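Okay, so here's the structure we're looking at.
What follows is calculated from the coordinates using simple rules that are stated; it is not laboratory data. Only a predicted model underlies this, so the values are computations on that prediction, with no experimental measurement involved. Ideal geometry is used to build each Cβ from the backbone, glycine not excepted, and the neighbour counts take in all protein chains shown.
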């Protein structure tokens, strides 16, 4: 296998970063909104990959980012599974738990 050009590597990094951010944001939103641990885990495992696949299709299709990874399994591993694991890890280990964050009871309209 020939080495990838720099532009393809940068495109792949952009796709992985966007999908990892989507996974972290999706995990955070579901952890805050849902009151059960299992509900959050199931929704994160089902809904977030759909968002990531859609983002991958948009970023790699019309925008043409990223290299040809050779197989559909390679694409799913590099652009969905890896960013999903990174995003979930970021939310679980870096961000404070939703219970620890103080949120005002009401919002005042100015």
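Structure summary
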read-out	value
Hits in region 86-98 - residues which are in contact with a helix residue (DSSP H, G or I) (Cβ under 8 Å, 6 or more places away or on another chain) and assigned to a helix (DSSP H, G or I)	86, 87, 88, 90, 91, 92, 98
Odd one out for residue 34 among (1) in contact with a helix residue (DSSP H, G or I) (Cβ under 7 Å, 6 or more places away or on another chain); (2) closer than 17 Å to residue 77 by Cβ; (3) free of Cβ contacts under 8 Å to residues at least 12 places away in the same chain	(2)
Region 40-67 - residue that is touching a residue at least 24 places away in the same chain (Cβ under 8 Å) and in a loop (DSSP other than H, G, I, E, B) and, of those, surrounded by the fewest Cβ atoms within 10 Å (Cβ to Cβ)	64
